[in-house]
Amino acid sequence: MTVTEQTDWQIYDQVGRRKYVSQSERLRFFEVADRQPTQIRTLCYLMAYTGCRISEALALERFHIDQDRGAVIFQTLKRRKRHFRCVPVPAFLIRSLLELTKRGQSSLWPIHRATAWRWIKQVMTEATIEGPMATCKGLRHGFGIWAATQSVPPNLIQRWMGHASSTTTAIYLNVVGSEERMFAERMWHPEKWKLAA
């Protein structure tokens with residue numbers, strides 16, 4: 001991604017539709033994921049809880065699961081030099097990932113990228129998530145938005161998502177969050193209108 005592409009990228013598509021999964025959509029996504037076989041369910045949770053790219057998830061092997069630190073080590077794509085990042089995940093996800101390693105394969109998901117993409121798309125469809133956000137990238141962007149609205153420091157969001165530039169991370173910080181809405185609600189309060197009159 002060039003510098004121009006980084007600064008031109010937006011969280012909305014050309015007609016103003018969100019490119020990210022909202023919190024209510026994430027919850028529906030998890031509900032459907034919970035009914036899937038272990039491989040699919042674990043992939044769904046990994047992507048939603050880490051904001052990783054589909055290829056980064058499929059490259060994971062047993063040694064990339066750091067049980068002591070409660071984290072997953074991803075090789076960041078879209079970098080000229082080899083770069084790894086450590087992303088913390090919940091304990092239940094570590095357990096699920098370790099379960100996948102008991103099959104004796106080096107790769108957690110020995111499948112083609114297109115198969116993994118279809119799995120995610122099917123869960124999205126069953127969760128009635130439609131539009132540009134109903135993709136693997138929609139989960140990635142949803143992770144960035146969720147982290148920003150939970151007041152995670154920008155440098156951590158940048159590190160967890162593997163952004164080379166803070167300019168890319170800043171896009172997620174421009175979304176209307178709870179703090180911005182709180183300021184707007186102060187303006188909407190009827191008592192303020194009387195004072196202004």
Considering residues of the stretch 6-15 that are in contact (Cβ under 8 Å) with a residue 12 or more places away in the chain and part of a loop (DSSP other than H, G, I, E, B) only, the residue nearest to THR149 (Cα to Cα):
ILE11
Those residues of the stretch 141-174 which are part of a loop (DSSP other than H, G, I, E, B), small (Gly, Ala, Ser) and under 21 Å from HIS83 (Cα atoms), in sequence order:
GLY162, ALA164, SER165
Go through ARG18, ARG41, ARG28 for me and flag whichever is basic (Lys, Arg), closer than 17 Å to ALA147 by Cβ and in contact (Cβ under 8 Å) with a residue 12 or more places away in the chain.
ARG18
Determine, yes or no, whether TYR45 is modelled with pLDDT under 95, among the aromatic types (Phe, Trp, Tyr) and open to solvent by 20 Å² or more (accessible area, probe 1.4 Å).
no
Only unsatisfied item for GLN39, checking (1) part of a helix (DSSP H, G or I); (2) buried (at least 18 other Cβ atoms within 10 Å of the Cβ); (3) at pLDDT below 95, is (3)
If we scan the stretch 1-19, do we find a residue that is within 13 Å of MET161 (Cα to Cα), of a type in the set (S, T, N, Q) and open to solvent by 30 Å² or more (accessible area, probe 1.4 Å)?
no
Residue among ALA33, ALA48 that is of a type in the set (Gly, Ala, Ser) and farther than 20 Å from VAL87 by Cα
ALA33
With the requirement that a residue be more than 25 Å from ALA147 (Cβ to Cβ) and either in contact with a helix residue (DSSP H, G or I) (Cβ under 7 Å, 6 or more places away or on another chain) or acidic (Asp, Glu) (or both), what does the stretch 61-99 give you?
GLU61, ARG62, GLU99
Which one of these is within 24 Å of GLY131 (Cβ to Cβ) and among the basic types (Lys, Arg): ARG80, ARG113?
ARG113
Could you list, in sequence order, all residues of the stretch 94-140 that are open to solvent by 10 Å² or more (accessible area, probe 1.4 Å), assigned to a loop (DSSP other than H, G, I, E, B) and touching a residue at least 40 places away in the same chain (Cβ under 8 Å)?
SER106, ILE111, THR128, GLY131, PRO132, MET133
For the stretch 141-159, name all the residues that are touching a helix residue (DSSP H, G or I) at 6+ places or on another chain (Cβ under 7 Å) and either surrounded by fewer than 18 Cβ atoms within 10 Å (Cβ to Cβ) or under 17 Å from PRO88 (Cβ atoms) (or both).
PHE143, GLY144, TRP146, ALA147, ALA148, PRO154, ILE157, GLN158
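The values are calculated or read from the model by the stated rules, or taken from the named source; none is laboratory data. Bear in mind that the values here come from a model prediction, so they are computed numbers and not experimental data. Don't worry about glycine lacking a Cβ; one is built from the backbone with ideal geometry, like all the others, and counts go over all protein chains shown. Heavy atoms of the whole protein, side chains included, go into the accessibility calculation; ligands, DNA and RNA do not. Shrake-Rupley method; radii C 1.70, N 1.55, O 1.52, S 1.80 Å.
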